[in-house]
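Enquirer: Have a look at the structure that comes next, please.
The values are calculated or read from the model by the stated rules, or taken from the named source; none is laboratory data. Bear in mind the structure is a predicted one, so any value in this text is a computation, not a measurement. Note that each Cβ is placed from the backbone with ideal geometry, even for glycine, and that neighbours are counted across all protein chains shown.
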């Protein structure tokens with residue numbers, strides 16, 4: 001009887017540990033529709049210096065928002081796949097937008113001028129815009145560069161997380177999370193993997 005009780009107790013503790021682990025993996029509440037709609041109502045600055053609402057850059061079927069920057073090693077590892085991902089988006093009626101929210105680095109690496117230089121150097125085929133005072137990042141709860149949010153044409157988040165499962169080696173990618181989500185959204189299907197772990201450098205916010 002004592003052995004059974006011990007096994008039972010151990011099983012309960014294991015379940016509790018798993019629950020806590022799962023909680024840590026999903027420690028951020030889902031983005032509310034109100035916040036995501038507010039995010040698309042925010043003004044961004046384009047590389048040409050124009051002020052536009054983010055929703056002006058939205059696609060017919062949705063928008064893939066990628067929080068990015070100029071120097072983060074994770075961005076540098078992944079950005080060689082940006083243009084290919086943009087092609088998938090274009091083929092499926094989704095617009096891809098790179099958003100730089102590193103407000104604390106505006107006088108340094110992530111200035112508007114450096115954004116223009118970086119976009120030209122990398123040959124970006126999608127808009128790269130400045131998020132003033134990280135308003136969009138705050139509303140969507142973005143944490144890292146890169147951090148991906150796929151929104152439908154009602155500005156609701158249907159996928160968030162990483163671009164794929166291997167930033168180190170594109171040839172060894174097994175799960176193309178963002179591209180798969182874009183294709184599912186365009187086909188009117190439920191996104192099978194709605195969330196993955198976003199890896200990257202922290203977004204450089206300023207104290208408000």
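Enquirer: I'd like the residue in region 107-124 that is assigned to a loop (DSSP other than H, G, I, E, B) and in contact (Cβ under 8 Å) with a residue 24 or more places away in the chain and, out of all such residues, is farthest from residue 65 (Cα to Cα).
Expert: Looking at residues that are assigned to a loop (DSSP other than H, G, I, E, B) and in contact (Cβ under 8 Å) with a residue 24 or more places away in the chain, I get 109.
Enquirer: Only one of (1) surrounded by fewer than 22 Cβ atoms within 10 Å (Cβ to Cβ); (2) in contact with a helix residue (DSSP H, G or I) (Cβ under 6 Å, 6 or more places away or on another chain); (3) within 20 Å of residue 88 (Cβ to Cβ) is not met by residue 186, so which one is it?
Expert: Every listed condition holds for residue 186 apart from (2).
Enquirer: Only one of these is over 18 Å from the mean Cα position of the chain (by Cα) and either assigned to a helix (DSSP H, G or I) or modelled with pLDDT under 95 (or both): 77, 17. Name it.
Expert: Among 77, 17, only 17 is over 18 Å from the mean Cα position of the chain (by Cα) and either assigned to a helix (DSSP H, G or I) or modelled with pLDDT under 95 (or both).
Enquirer: Also: I'm trying to understand the selection: among the residues of region 137-158, which are farther than 16 Å from residue 200 by Cβ and either outside any helix (DSSP H, G or I) or touching a helix residue (DSSP H, G or I) at 6+ places or on another chain (Cβ under 8 Å) (or both)?
Expert: Correct list: 139, 150, 151, 152, 153, 154, 155, 156, 157, 158.
Enquirer: Just name the residue that is surrounded by the fewest Cβ atoms within 10 Å (Cβ to Cβ) out of those in region 93-106 that are assigned to a loop (DSSP other than H, G, I, E, B) and touching a residue at least 60 places away in the same chain (Cβ under 8 Å). Write out each step before concluding.
Expert: Taking region 93-106 and keeping what is assigned to a loop (DSSP other than H, G, I, E, B), we get 93, 101-102, 106.
With touching a residue at least 60 places away in the same chain (Cβ under 8 Å) added as a condition, the list becomes 93, 101-102.
Working: 93: 14, 101: 28, 102: 28.
My answer is 93.
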